[in-house]
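Quick notes on the structure that follows.
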Amino acid sequence: MLRVGLTGGLGSGKSTVTRYLRELGAEVIEADELGRALMEPGQPVFDEIVEVFGPEVVTAEGRLDRAKLADLSFRGGRLDELNAIVHPAVIAAQGDWMRQVFARDPKAIAVVESALIFEVERAARMRGESEGVLAYWRRRFDRVIVVTAPDEVKIARYVARISPSGWDERVADDARSRLAKQLSDAVKTSRADFVLDNTGDLVELRAQVDAVWRQLVELGNNSPARELIQ
């Protein structure tokens, strides 16, 4: 069994790499998708968010107003509060998922796609947390893959995704603000086992993914059985 973290900044191309890895046979879970599920009404995460941020983040239909919550978090300087609620639950759910995957197939390669593997650790340690799942998230993976691209390329991709009708400077500013809160590619690559350069075209990216996959399969075949970190 092999536990792999896949990370990279906004607009780096993680979703494309995720798709390629699935096609090659990896078991993949996306942290953002998992987080959204945990923030649905009836979930403990939902209840804690409402308790901390107040009833104004709930719509008339009883769901989270994600735009309002994002505004309070990113522009209101309360992102750490939100992350402290969501991330432990997401990491715990990832552990449960990995146990299910490896119970089905002990030789599986389980990939967790998340933009914030290193940022979560940094934030936890800045809060003075020296132990626990947030301060040592990186240790939960046998290998980490980082997807990189120049910031101007990331911003252009983000704008194209959010505003397909054309360039929107407000969306670009939002991308710049989000990237500023993330660690640089240089820092991430210094802590990664594999680096995928997504500056070129998709053919080049796929070739890099194929090469990394072959190494992951070899590592997985030679990895001893181990207990998952709780």
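The values are calculated or read from the model by the stated rules, or taken from the named source; none is laboratory data. Please read all numbers here as calculations on a predicted model, not as lab measurements. Here Cβ is always computed from backbone atoms with ideal geometry, including for glycine, and neighbour counts include all displayed protein chains. Only protein heavy atoms, including side chains, enter the accessible area calculation; ligands, DNA and RNA are left aside. Shrake-Rupley method; radii C 1.70, N 1.55, O 1.52, S 1.80 Å.
Here are a few things to note about the model shown:
- Of all residues in the range 159-178 being hydrophobic (A, V, I, L, M, F, W, C) and surrounded by fewer than 18 Cβ atoms within 10 Å (Cβ to Cβ), the one that is farthest from residue 9 (Cα to Cα): 167
- Failed criterion for residue 125 (all others in (1) of a type in the set (Lys, Arg); (2) under 30 Å from residue 218 (Cα atoms); (3) open to solvent by 60 Å² or more (accessible area, probe 1.4 Å) hold): (2)
- Residue within the range 49-57 that is of a type in the set (Val, Ile, Thr), open to solvent by 10 Å² or more (accessible area, probe 1.4 Å) and over 30 Å from residue 213 (Cβ atoms) present: yes
- Search result, residues across the range 14-27 that are open to solvent by less than 20 Å² (accessible area, probe 1.4 Å) and not in a helix (DSSP H, G or I): 26
- For residue 146, the criteria (1) surrounded by fewer than 18 Cβ atoms within 10 Å (Cβ to Cβ); (2) closer than 18 Å to residue 3 by Cβ; (3) touching a strand residue (DSSP E or B) at 6+ places or on another chain (Cβ under 9 Å) hold in every case but one, which is (1).
- Against the test of being open to solvent by less than 70 Å² (accessible area, probe 1.4 Å), closer than 15 Å to residue 182 by Cα, in contact (Cβ under 8 Å) with a residue 12 or more places away in the chain and of a type in the set (Val, Ile, Thr), the options 109, 91, 155, 85 yield a single qualifying residue, 155.
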